[in-house]
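The values are calculated or read from the model by the stated rules, or taken from the named source; none is laboratory data. Just so we're clear, the structure is a prediction, and the values are computed from it rather than from any experiment. Using ideal geometry, Cβ is built from the backbone for each residue, glycine included, and neighbour counts are taken over all protein chains shown.
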Amino acid sequence: MTEEWIKVAAPATISNLGPGFDVFGMALKDPYDIVYARKNDGGVKIVSIEGPGAEELPVDSMRNSAAIAAEEVLKRCEADFGMDIKIIKGIRPCSGIGSSGASAAGGAYAAHILTGKQLSDTELVLCAAHAEEVTSGGLHADNVAPSLLGGFTVIRSYMPLEVVRIEPPSNLGVVVAMPDVIVSTKEARKVLPSEITVKDLIFHVGNASCLVYAMVTKDLDLLGRSVKDAVFEPARNHLIPHLNEAKNAALSHGAKASFLGGSGPCVISFFDSNQVSGESIATAVRSIFIENGIDCQSWITMAGSGCQEI
């Protein structure tokens, strides 16, 4: 079977967003992975992986998130063909901005195209979330949902899965600063508390509710005040050197909020693009890490539209 390659862009995502652990997620305009796919006579095969951290990623289709997600889509659609997949990573593994989630979303979306787009959004997210469960040790859709659907997403329920999508404010600027520190999702989940206090629950419900309201009403000041986490980020603080210094640097240069992206090490800063230059925030955060002997890469970006064929 000889088929033309299709090409899919699968964006990075911010997960958790303060009080929304495993619930909130937002797609970014960039960076993103590129997933190439074509039909073959049977089986899902990873042909090649290139880009930052590619040498660390498995080509075994049973362990690669793009291949696992694609296989799930093919099974649900009862496809009579397999897939060849090539991946060009734009998102370094263990970055905190959904590297495995982007690959899973890209693999699922490519298979979705090749099978004639038979699945609903919910089914597609479930296929990609299954890949995340296999590769990171827990079922979570807060990266794959926004990577597939774009915008800001809320996981209302996991059983059954229900995802709500909200269009973020157009002037919501995002700085992503990625220090040269490795934090794996599996290891970051091991340090999380198994129980929280009623006080912390009340704190999270209040801030989560206002964060969603702020997204809907486009209120960046309220959004900045609501990106608060009393439980999960504090438990992970010790995994990322100079995290609090970096967040304070961002806030002092005009950021509305600054927080840990996903399980880290990325530091995410929100700003009003109508009022502040993201470059000054990015420079300030990078300087904290560089002055302490840690290389740091950054992007100035915004909310994105999710997976697209390009």
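Computed values, structure above
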item: Which listed residue is polar (S, T, N, Q), closer than 26 Å to P169 by Cβ and in contact with a helix residue (DSSP H, G or I) (Cβ under 7 Å, 6 or more places away or on another chain), from S263, S273, S280; result: S263
item: Only one of I68, I49, I87 that is in contact with a Lys or Arg (Cβ under 8 Å, 6 or more places away or on another chain), more than 30 Å from K247 (Cα to Cα) and at pLDDT 95 or above; result: I49
item: From I294, I290, residue being among the β-branched types (V, I, T) and either in contact with a Phe, Trp or Tyr (Cβ under 7 Å, 6 or more places away or on another chain) or touching a residue at least 60 places away in the same chain (Cβ under 8 Å) (or both); result: I294
item: Answer residue from the range 130-156, given it is out of contact with any strand residue (DSSP E or B) (no Cβ under 7 Å at 6 or more places or on another chain) and modelled with pLDDT of 95 or more and is farthest from R189 (Cα to Cα) among those; result: L148
item: Candidate set: the range 61-82, residues that are part of a loop (DSSP other than H, G, I, E, B) and within 20 Å of the chain's Cα centre (by Cα); chosen: the one surrounded by the most Cβ atoms within 10 Å (Cβ to Cβ); result: N64
item: R156 being surrounded by 15 or more Cβ atoms within 10 Å (Cβ to Cβ) and of a type in the set (K, R); result: no
item: Flag for S48 being hydroxyl-bearing (S, T, Y), out of contact with any Ser or Thr (no Cβ under 7 Å at 6 or more places or on another chain) and exposed (fewer than 15 other Cβ atoms within 10 Å of the Cβ); result: yes
item: Odd one out for L17 among (1) part of a strand (DSSP E or B); (2) modelled with pLDDT under 95; result: (1)
item: Residue within the range 30-37 that is assigned to a strand (DSSP E or B), more than 19 Å from P146 (Cα to Cα) and at pLDDT 95 or above present; result: yes
item: Subset of the range 83-96 (residues that are out of contact with any Pro (no Cβ under 7 Å at 6 or more places or on another chain), surrounded by 24 or more Cβ atoms within 10 Å (Cβ to Cβ) and either without any contact (Cβ under 8 Å) to a residue 60 or more places away in the chain or β-branched (V, I, T) (or both)); result: M83, I85, I87
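Each row is one residue, and each column tells you yes or no for (1) touching a Phe, Trp or Tyr at 6+ places or on another chain (Cβ under 7 Å); (2) touching a residue at least 60 places away in the same chain (Cβ under 8 Å).
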residue: L149; (1), (2): no, yes
residue: L161; (1), (2): no, no
residue: P168; (1), (2): yes, yes
residue: R189; (1), (2): no, yes
residue: E195; (1), (2): no, no
residue: C210; (1), (2): no, no
residue: D221; (1), (2): no, no
residue: G224; (1), (2): yes, no
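Residue-wise test of (1) under 18 Å from P146 (Cβ atoms); (2) surrounded by 14 or more Cβ atoms within 10 Å (Cβ to Cβ); (3) aromatic (F, W, Y); (4) at pLDDT 95 or above.
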{"residue": "F270", "(1), (2), (3), (4)": "yes, yes, yes, yes"}
{"residue": "S277", "(1), (2), (3), (4)": "no, yes, no, no"}
{"residue": "R286", "(1), (2), (3), (4)": "no, yes, no, yes"}
{"residue": "F289", "(1), (2), (3), (4)": "no, yes, yes, yes"}
{"residue": "D295", "(1), (2), (3), (4)": "no, no, no, yes"}
{"residue": "S298", "(1), (2), (3), (4)": "no, yes, no, yes"}
{"residue": "A303", "(1), (2), (3), (4)": "yes, yes, no, yes"}
{"residue": "C307", "(1), (2), (3), (4)": "yes, yes, no, yes"}
